[in-house]
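Structure first, commentary second.
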Amino acid sequence: MGAAKVTPKTMEKILTSMRNSFDVVVVDGDHSYDDISLKILELADTVFLVSTLSVSSLTNVKRLFQKFVGLPFPMREKVKVIINRHQKNSPVSFNDVEDIIGKSIFWQIPNDFSTAISAINQGKTLSQAGSRTELCKSFRELASRFLKSCQVAANWVNASRKKL
């Protein structure tokens with residue numbers, strides 16, 4: 001017997017259940033752009049668009065961001081741009097990125113291929129493979145900043161509910 005087909009309604013039930021059980025739910029989105037992906041985007045509080053500082057990657061992120069903004073639910077403020085594998089001497093500047101995409105950069109993750117590939121090859125987490133590296137530090141700081149923004153939003157929602 002095969003697995004049941006996942007529908008947007010099924011995904012909504014799953015994510016709602018997870019939100020009721022966990023403080024933060026992270027969905028690593030697929031490259032597809034279907035009804036299930038749209039439902040996930042609609043339910044999301046934050047959407048990370050990840051790009052490198054290559055023109056082709058930035059062009060794809062720009063197209064995707066423009067699609068997101070055109071959706072029938074608010075997306076512009078949900079989207080946060082993250083630059084992955086950032087190199088300080090890149091010919092593409094952050095100002096270029098913001099001009100191309102039309103959105104400011106939320107975070108940058110440094111390029112540390114050796115730590116990343118070492119973790120992958122050893123079957124370890126990044127923190128196990130190199131907890132003191134700039135790469136791990138960047139991920140910890142990203143998580144901290146993101147969780148603080150989630151807490152601020154949760155505090156605002158809770159305060160708003162108390163006023164009702």
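The values are calculated or read from the model by the stated rules, or taken from the named source; none is laboratory data. The structure presented is a predicted model; accordingly, all values stated were derived computationally and were not measured. FYI the Cβ positions are ideal-geometry reconstructions off the backbone, even for glycines, and counts take in every protein chain you see. Ligands, DNA and RNA are excluded from the accessible area calculation, which covers all protein heavy atoms including side chains. Shrake-Rupley method; radii C 1.70, N 1.55, O 1.52, S 1.80 Å.
Answer with one residue from SER21, PRO91, SER138: the one whose Cα lies farthest towards the positive end of the charge dipole of the chain, charges on Cβ with Lys, Arg +1 and Asp, Glu -1.
Of the candidates, SER21 comes out farthest on the positive side.
Can you return the aspartates and glutamates within cross-link range of LYS39? Criterion is Cα-Cα under 13 Å, with same-chain partners fewer than 8 residues away left out.
GLU12, ASP30
What is the set of long-range amide H partners of VAL47 at a cut-off below 5 Å, with H atoms built 1.01 Å from backbone N?
The answer is VAL79, LYS80.
Would you please give the FRET efficiency between SER17 and ILE100, computed as 1/(1 + (r/R0)^6) with r the Cβ-Cβ distance and R0 = 25 Å, to the nearest 0.05?
Numbers: r = 38 Å, r/R0 = 1.53.
Step by step, r from the Cβ atoms, then E = 0.05.
What ranking of GLU77, GLU42 comes out by heavy-atom accessible area, probe 1.4 Å, highest first? Don't jump to the answer; show the numbers that get you there.
Numbers: GLU77 135, GLU42 85 Å².
So the residues, ranked largest to smallest area, are GLU77, GLU42.
In what sequence, largest accessible area first, do VAL79, VAL6 appear using a 1.4 Å probe?
Numbers: VAL79 0, VAL6 60 Å².
So, going from the largest accessible area down, we get VAL6, VAL79.
Once every DSSP H run of n ≥ 4 in the chain is given -39500 (n - 2.57) and the sum is divided by its residues, what mean residue ellipticity at 222 nm do you get, rounded to the nearest 500 deg cm²/dmol?
Details: 7 runs with 91 residues, N = 164.
It lands at -17500 deg cm²/dmol.
Mind checking the dipole of the stretch 1-159: about its Cα centre, +1 per Lys or Arg Cβ, -1 per Asp or Glu Cβ, Debye to the nearest 20? Each step should come with its number before you reach the end.
Working: 20 positive and 15 negative charges, 33 e Å.
Its charge dipole is roughly 160 debye.
Could you tell me the relative contact order of the stretch 1-112? Use alpha-carbon pairs under 8 Å, at least six residues apart, and round to a whole percent. Before the final figure, lay out the partial values.
Values: 114 pairs, mean separation 26.0, N = 112.
Result for the stretch 1-112 is 23 percent.
Calculate the all-directions average of the projected area of the stretch 51-100's alpha-carbon convex hull, and give it in nm². Working shown, then result.
On the way: hull surface 13.8 nm².
Projected over every direction and averaged, the Cα hull of the stretch 51-100 covers 3.5 nm².
Quick one: accessible area per residue over the chain, 1.4 Å probe, rounded to a whole number of Å²?
Values: 11500 Å² over 164 residues.
Accessible surface, normalised per residue, equals 70 Å².
Which lysines have a Cα lying under 17 Å from the Cα of LYS88, excluding residues fewer than 8 positions away in the same chain?
Output for LYS88: LYS137.
Which whole-Hz couplings ³J(HN,Hα) result when phi for each residue of the stretch 81-90 is put into the Karplus expression 6.51 cos²θ - 1.76 cosθ + 1.60, θ = phi - 60°, listed in order with x for Gly and Pro?
Each residue's phi maps through the Karplus curve to give 8, 10, 9, 9, 6, 5, 10, 4, 9, 5 Hz.
Which value, in Å² rounded to 10, gives the accessible area of ILE36 with a 1.4 Å probe and all protein chains present?
40 Å²
Once the other residues with Cβ under 15 Å from the Cβ of SER138 are scored (Lys, Arg +1; Asp, Glu -1), what is the net sum?
That sum, taken over residues with Cβ under 15 Å, equals +4.
Find how many whole Å separate the alpha carbon centroid of the stretch 89-129 from the alpha carbon centroid of the stretch 29-80.
18 Å
My understanding is that a pair violates if its Cα-Cα distance is over 22 Å; which of LYS13/LYS62; LYS78/LYS148; LYS9/LYS62 do that in this structure?
Details: LYS13/LYS62 31 Å; LYS78/LYS148 15 Å; LYS9/LYS62 29 Å.
LYS13/LYS62; LYS9/LYS62, as the Cα separations exceed 22 Å there.
Checking the a/c ratio against 1.5 first, then a/b against b/c, what shape does the Cα gyration tensor give for the chain?
On the way: a/c = 1.42, a/b = 1.33, b/c = 1.07.
Here the chain falls in the rounded category.
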